[in-house]
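> Here you go, one structure.
The values are calculated or read from the model by the stated rules, or taken from the named source; none is laboratory data. Everything numeric in this text was worked out from a predicted model, so none of it was measured. Here Cβ is always computed from backbone atoms with ideal geometry, including for glycine, and neighbour counts include all displayed protein chains. What goes into the accessible areas is simple: the full protein's heavy atoms, side chains included, and nothing from ligands, DNA or RNA. Shrake-Rupley method; radii C 1.70, N 1.55, O 1.52, S 1.80 Å.
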There are 2 protein chains.
Amino acid sequence: MGIDNLMILVVLLSLFCLISSSVLAQQQQNQKLRFDENGEFKILQVADMHYANGKTTLCLDVLPSQKAYCTDLNTTAFIQRMIIAEKPNLIVFTGDNIFGFDSFDSAKSMNAAFAPAIASNIPWVAVLGNHDQEGSLSREGVMKHIVGMKNTLSKLNPPEIHIIDGFGNYNLEVGGVEGTDFENKSVLNLYFLDSGDYSKVLPIPGYDWIKPSQQFWFQRTSAKLQRAYKKGPAPQKEPAPGLAYFHIPLPEYASFDSSNFTGVKQEGNGSDGISSASVNSGFFTTLVGAGDVKAVFTGHDHINDFCGKLTGINLCYAGGFGYHAYGKAGWSRRARVMVASLEKTVKGSWGNVKSIKTWKRLDDQHLTGIDGEVLWSKNSGA
Amino acid sequence: MGIDNLMILVVLLSLFCLISSSVLAQQQQNQKLRFDENGEFKILQVADMHYANGKTTLCLDVLPSQKAYCTDLNTTAFIQRMIIAEKPNLIVFTGDNIFGFDSFDSAKSMNAAFAPAIASNIPWVAVLGNHDQEGSLSREGVMKHIVGMKNTLSKLNPPEIHIIDGFGNYNLEVGGVEGTDFENKSVLNLYFLDSGDYSKVLPIPGYDWIKPSQQFWFQRTSAKLQRAYKKGPAPQKEPAPGLAYFHIPLPEYASFDSSNFTGVKQEGNGSDGISSASVNSGFFTTLVGAGDVKAVFTGHDHINDFCGKLTGINLCYAGGFGYHAYGKAGWSRRARVMVASLEKTVKGSWGNVKSIKTWKRLDDQHLTGIDGEVLWSKNSGA
């Protein structure tokens, strides 16, 4: 084969690869999440990676013994280990995925930060935190970059509403087990929202909040999903449980103390150890009103990692994951896992969601699991 | 003239009267509110009339000496006296206009309750409280009846949004003085909202709240008005001030005590003397975010009558007006007045709003005015 023919072959092969990967990416974008044959659906939540430039970006708040060799690559290694250990069905990055101030190139930082998720071939999604836009890309630019990445199910915004605040407000449906009555029903609903960065309203200091446009979208989406769930096939009386993921905790996270939460609260920020917005924008009320969401998962406060239950809704932190993020030396970086389990129907096949459990894993030698708890179970009601 | 001809004349005259009054009503419905030639626009707020059946409906919580002769007609007389004393440009009824439980016929109760306003030929509007629907009409029925009454500028709901919670969410524009640069600009914006009745959400007890759909509508309306105000003719840098009227106070009304409000707080209901919803639905945050509303006027708590200022927004009660409503014997029924005043332009004509003042009047022999204060003035900013 002459050089020319070889070149043509290489070009054709490259083109084929490009098209295949594009088709594959398209398939993956449209891929329907569903419960596996064991009747489980598991989500790994990664909060606050604060990724910058990889091996040249040093760790914050680690023990003196760790300092010399600790970089962003420790964050990468932790994701890889978590994926292998948990084999989740979905990975959710809840914002401050990159730390824009220290990043030379936001796109490159994201490519490196999400690389382990992409390499795993597990679907993944991300929402924005308050630091993601501090580099070379705007919030819109960051979210657009994410949406274009491989294996992600992230979306820029809902297509049906063109006036919505923020970037990265979307929902995903998780279907029942293939071949059962629930295969075409969403038995678990995932809501992702952009909780913003900083207040743009002069008299209000501090962090941003979830706006009426976003709440209105959430409310309508929840109502639509509930209507569908209550129709045939296999019409249900109760709504399918929902989970909401975003970055900044709600003011209601301040409702708990060690007597009624599982985990720790050790943030110094804010008067009550919670760095929510300084005002209440009502999203907790909207969540309670919608009636389907059983748990909210946020990040933002790296050294809070608790779950507490208020008016039937679990408010959970994941705890800080990333090494180039403030933390507490000697207090391991960690990740939160959620698993939803289906019940068996009278016919012996998989039905709808029976329980929602959670635990965390620490980035230590054994990825120690801690704080396992049942967040919701069908039989005990809310 | 024969009997037949007389009958025809009567029918024709009746028809003419009907058409004339219909055209007049139509004109009044479309009438544009505007500042008068003295550069003022005055609103009389009537909170919690609790009207039932007129002269057979007795008063609550009055002095023993008043009891024998006190009925709904005392409420009627108080409105008449207030209208004569203040000659307002608009009368706003902020809910619990009728007390449905005791009313034999909701429509008749409303006809009697609003009769003094109608007779005055002054434009008037109403919103719903939590008791209006307890009689023979639903909330929708009550609001539809109101919208069909004479001289009212009340509306059922905004035409552009067909999915909005409640009935009686609308806004009114108040134009500048005729013949000035501001004659076709809304220099004062009035927002009216349905704050609901009781929570429909099982785990949340107590009163209802303003929903995301209503907040979204408010936010978009405010933004649209602000854009128009900043355009020519006479383009303005700051938004025109806005006022919001509804029934149930916001949770933020609990932020004040006698050290930082004008008036009194003496309700026993609620842990902090405020009968707001038990949850925060974020409307205060939405109001602050919009940036134009300078004062909120509610009723609901009959024996609270204060105004307090939080993050640039005055939160005001009117104090109870109606005699068939709980109150405090010896503590006069009262009404709140708001007057907005225009500034003079360099050319010597009337410009935009310079100040917003308020006071209350007591239903005593002299309609004593109390608690006069400046809520907002242009030069001092927020």
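> What pairs can you find where one residue is in the stretch A:154-172 and among the basic types (Lys, Arg), the other is surrounded by fewer than 21 Cβ atoms within 10 Å (Cβ to Cβ), and their Cβ atoms are less than 8 Å apart, with a gap of 6+ or different chains?
Pairs that qualify, where the first residue is among the basic types (Lys, Arg) and the partner is surrounded by fewer than 21 Cβ atoms within 10 Å (Cβ to Cβ), are A:Lys155/A:Val147.
> Among what's in the stretch A:210-245 and is open to solvent by 30 Å² or more (accessible area, probe 1.4 Å) and not in a helix (DSSP H, G or I), pick the residue that is farthest from the other protein chains (Cβ to nearest Cβ).
A:Pro233
> Next up: Take the conditions without any contact (Cβ under 8 Å) to a residue 60 or more places away in the chain, within 30 Å of A:Leu243 (Cα to Cα), in a helix (DSSP H, G or I) and open to solvent by less than 70 Å² (accessible area, probe 1.4 Å) and apply them to A:Ala85. Does it pass?
no
> Looking at B:Asn121, B:Asn157, B:Asn169, which is the one that is over 18 Å from B:Tyr51 (Cβ atoms) and in contact with an Asp or Glu (Cβ under 8 Å, 6 or more places away or on another chain)?
After ruling out the rest, the residue left standing is B:Asn169.
> Right, here's the next one. So which of A:Asn97, A:Asn89, A:Asn111, A:Asn53 is of a type outside the set (Lys, Arg), farther than 29 Å from A:Gly369 by Cβ and touching a Phe, Trp or Tyr at 6+ places or on another chain (Cβ under 7 Å)?
Going through A:Asn97, A:Asn89, A:Asn111, A:Asn53 in turn, just one is of a type outside the set (Lys, Arg), farther than 29 Å from A:Gly369 by Cβ and touching a Phe, Trp or Tyr at 6+ places or on another chain (Cβ under 7 Å): A:Asn53.
> With respect to A:Gly100, determine if the residue is at pLDDT below 95, of a type outside the set (Phe, Trp, Tyr) and open to solvent by less than 20 Å² (accessible area, probe 1.4 Å).
yes
> Quickly run through the stretch A:327-358 and pick out the residues that are assigned to a loop (DSSP other than H, G, I, E, B) and in contact (Cβ under 8 Å) with a residue 12 or more places away in the chain.
A:Gly327, A:Ala329, A:Gly330, A:Ser332, A:Arg333, A:Thr345, A:Ser349
> Give all pairs with beta carbons closer than 7 Å in which a residue from the stretch A:272-285 that is without any contact (Cβ under 8 Å) to a residue 12 or more places away in the chain and on the phi < 0 side of the Ramachandran plot meets a residue that is buried (at least 24 other Cβ atoms within 10 Å of the Cβ) and assigned to a loop (DSSP other than H, G, I, E, B); count only pairs at least 6 apart in sequence or on separate chains.
Note: pairs meeting the criteria are A:Thr285/B:Trp209; A:Thr285/B:Val279; A:Thr285/B:Ser281.
> Here's something else I'd like to know. When the stretch B:143-165 is examined, which residues are found to be outside any loop (DSSP other than H, G, I, E, B), within 11 Å of B:Ala107 (Cα to Cα) and under 16 Å from the mean Cα position of the chain (by Cα)?
B:Met143, B:Ile146
> Being surrounded by fewer than 17 Cβ atoms within 10 Å (Cβ to Cβ), within 14 Å of chain B (Cβ to nearest Cβ) and within 21 Å of the chain's Cα centre (by Cα) is the requirement here; does A:Tyr207 meet it?
Here the answer is no, as A:Tyr207 does not meet what is asked.
> Can you confirm whether A:Tyr317 is touching a residue at least 24 places away in the same chain (Cβ under 8 Å) and within 23 Å of A:Leu90 (Cα to Cα)?
Considered against the rule, which asks whether it is touching a residue at least 24 places away in the same chain (Cβ under 8 Å) and within 23 Å of A:Leu90 (Cα to Cα), A:Tyr317 comes out as yes.
> Can you give me the number of residues within the stretch A:301-322 that are out of contact with any Phe, Trp or Tyr (no Cβ under 8 Å at 6 or more places or on another chain) and away from chain B (no Cβ under 14 Å)?
The qualifying residues number 1.
> Which of the following residues is touching a helix residue (DSSP H, G or I) at 6+ places or on another chain (Cβ under 9 Å), of a type in the set (D, E, K, R) and buried (at least 23 other Cβ atoms within 10 Å of the Cβ): B:Asp301, B:Asp272?
B:Asp301
> May I ask you to say which residue of A:Lys144, A:Lys200 is of a type in the set (D, E, K, R) and within 12 Å of chain B (Cβ to nearest Cβ)?
A:Lys200
> Would you confirm whether or not the stretch B:284-291 contains a residue that is within 21 Å of the chain's Cα centre (by Cα), open to solvent by 40 Å² or more (accessible area, probe 1.4 Å) and among the small types (Gly, Ala, Ser)?
Checking the stretch B:284-291: not a single residue is within 21 Å of the chain's Cα centre (by Cα), open to solvent by 40 Å² or more (accessible area, probe 1.4 Å) and among the small types (Gly, Ala, Ser).
> I've got another one for you. If a residue must be away from chain B (no Cβ under 14 Å), more than 24 Å from B:Thr285 (Cα to Cα) and part of a loop (DSSP other than H, G, I, E, B), how many such residues does the stretch A:248-295 contain?
9
> Now for a separate question. Return yes when A:Thr56 is of a type outside the set (D, E, K, R), more than 19 Å from A:Leu172 (Cβ to Cβ) and open to solvent by less than 10 Å² (accessible area, probe 1.4 Å) and no when it is not.
In short, no.
> Taking A:Thr262, is it under 19 Å from A:Trp376 (Cβ atoms), out of contact with any helix residue (DSSP H, G or I) (no Cβ under 6 Å at 6 or more places or on another chain), at pLDDT 95 or above and not acidic (Asp, Glu)?
So A:Thr262 fits the description; yes.
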